[in-house]
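Asks: The structure follows.
The values are calculated or read from the model by the stated rules, or taken from the named source; none is laboratory data. Fair warning: this is a prediction, and the values are worked out from it, not measured in the lab. Glycine also receives a Cβ, built like all others from the backbone with ideal geometry; neighbour counts cover every protein chain displayed. Each accessible area value is taken on the protein alone, full model and side chains, heavy atoms only, with ligands, DNA and RNA left out. Shrake-Rupley method; radii C 1.70, N 1.55, O 1.52, S 1.80 Å.
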Amino acid sequence: ACGRAGEYERALELLAEMNERGIKPNVISYGAAISACCAKGRWERAIELLREMSDAGVPPNTITFSAAISACEKAGRWEKALQLLDEMDERGLKYDVIAFNSAISACVKGKQWMQALQLLDAMKTRDLAPGVISYSMVIEGCQRAGEWERALGLLGVMERAGLDPSPATKQHHYTHALRACAKVRDPERALRLLQVMAAAGIEANTDCYSAVISALQRAGDCREALAQLDAMLARGLVPTTDIYTATILAASDLGDWERALRLLDELQGRGLSPSARALSAVVRACREGGQHERARKLLDAVKIKAGKPVPDDGMRYSTGAAARHTTIRIWADLPESGGVL
């Protein structure tokens with residue numbers, strides 16, 4: 001009970017009392033103490049207890065080894081976890097899924113995605129069927145390492161093995177892949193992934209669209225970025241500040257000052273605060289579109305809200321508190337705009 005409850009000190013005290021009274025602890029007693037070490041993250045003590053068991057003539061079993069590996073996993077000691085897994089093999093002990101999952105988790109925590117992948121393959125060669133948890137941990141490790149194509153490949157392997165990840169799990173992994181595309185500015189691949197998701201019945205959420213729109217805007221495909229915004233709005237999804245910023249930049253790059261102003265209006269209408277980049281882009285779009293009065297009013301409003309002088313270069317300036325804490329509707333009092341363009 002002490003092991004299950006994680007009462008580390010009491011579990012060790014009971015073990016010591018048994019030895020003092022001449023009562024030989026059995027594998028269950030040691031297992032409880034090792035489990036308590038696991039709960040406390042005392043991986044070194046867990047390994048010491050494994051050695052003490054052997055010295056006392058109590059052979060460790062699969063359960064005690066799995067508990068010790070779990071202790072190493074919680075402490076992020078992936079090397080020790082792998083050593084214990086090898087020792088199980090040397091002792092002729094039968095592996096279980098718990099031991100492998102703990103070792104895989106330790107490797108993922110230690111950013112050793114290749115080791116985690118090898119452990120997944122090793123499970124199959126030992127007649128152990130990796131479950132959803134096993135695959136999910138390895139997929140997460142691959143994604144953290146930027147190996148998103150491999151991660152999506154494993155997602156397919158799961159499905160072919162009859163392990164159907166939940167819609168939320170699929171969505172999570174595809175979102176990571178889309179973010180990777182945005183990071184390397186690969187909009188074509190991002191759009192293909194969005195199509196694959198649709199074909200597979202995986203619903204794209206706001207995070208998915210944010211990654212796609214970011215990839216498109218960064219790569220200069222501004223029209224498609226705005227088209228994807230329209231697509232997500234048609235599905236009833238609510239854009240974030242990042243999405244509005246990217247699409248405002250896209251509209252500005254296209255010279256569409258009216259769309260840029262409308263997007264800024266929508267952003268503020270949702271109670272969001274515009275970023276400095278978004279404000280700068282709107283000013284630039286207005287100036288390049290010959291809307292000097294609008295640009296001047298916006299820049300004046302930013303200066304007033306910021307409470308300090310702001311360089312007037314129409315392109316790059318710091319808005320400070322104005323960008324973070326205020327909303328600015330400078331076209332609302334212009335007769336020709338009517339407040340919304």
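Asks: Pairs, please: C-beta under 6 Å, at least 6 apart or cross-chain, first residue within 16 Å of CYS37 (Cβ to Cβ) and in the range 52-81, second in a loop (DSSP other than H, G, I, E, B) and open to solvent by less than 10 Å² (accessible area, probe 1.4 Å)?
Replies: That search, which allows pairs on different chains as well, returns MET53/PRO60.
Asks: Of the numbered conditions (1) over 26 Å from GLY289 (Cα atoms); (2) in contact (Cβ under 8 Å) with a residue 12 or more places away in the chain; (3) open to solvent by 10 Å² or more (accessible area, probe 1.4 Å), GLY236 satisfies every one except a single condition; which is it?
Replies: Result: GLY236 fails condition (2) only.
Asks: I would also like to ask the following. Kindly indicate whether any position in the range 165-176 is out of contact with any Pro (no Cβ under 8 Å at 6 or more places or on another chain) and farther than 29 Å from CYS107 by Cβ.
Replies: Scanning the range 165-176 turns up no residue that is out of contact with any Pro (no Cβ under 8 Å at 6 or more places or on another chain) and farther than 29 Å from CYS107 by Cβ.
Asks: Those residues that are surrounded by fewer than 20 Cβ atoms within 10 Å (Cβ to Cβ), more than 29 Å from the chain's Cα centre (by Cα) and part of a loop (DSSP other than H, G, I, E, B), I need them from the range 37-73; list them, please.
Replies: ALA56, GLY57, VAL58, PRO59, ASN61
Asks: Looking at the range 95-104, can you tell me whether even one residue there is modelled with pLDDT of 90 or more, hydroxyl-bearing (Ser, Thr, Tyr) and in a helix (DSSP H, G or I)?
Replies: Checked against the condition, which is being modelled with pLDDT of 90 or more, hydroxyl-bearing (Ser, Thr, Tyr) and in a helix (DSSP H, G or I), the range 95-104 yields at least one hit.
Asks: Residues to consider are LEU119, LEU152; find the one that is more than 21 Å from VAL238 (Cα to Cα), open to solvent by less than 40 Å² (accessible area, probe 1.4 Å), more than 21 Å from the chain's Cα centre (by Cα) and free of Cβ contacts under 8 Å to residues at least 60 places away in the same chain.
Replies: Details: LEU152 fails: more than 21 Å from the chain's Cα centre (by Cα).
Of the residues listed, the single one that is more than 21 Å from VAL238 (Cα to Cα), open to solvent by less than 40 Å² (accessible area, probe 1.4 Å), more than 21 Å from the chain's Cα centre (by Cα) and free of Cβ contacts under 8 Å to residues at least 60 places away in the same chain is LEU119.
Asks: I would also like to ask the following. Give the range 243-293 a look and list any residue that's touching a Ser or Thr at 6+ places or on another chain (Cβ under 9 Å) and on the phi > 0 side of the Ramachandran plot, or say none.
Replies: GLY271
Asks: Output the qualifying pairs, or none if there are none: Cβ atoms under 6 angstrom, residues six or more apart or on different chains, first residue in the range 249-264 and under 15 Å from ALA276 (Cα atoms) and open to solvent by less than 40 Å² (accessible area, probe 1.4 Å), second residue hydroxyl-bearing (Ser, Thr, Tyr) and at pLDDT 95 or above.
Replies: Every condition considered, the pairs that remain are ALA260/SER252; LEU263/TYR244; LEU263/THR247.
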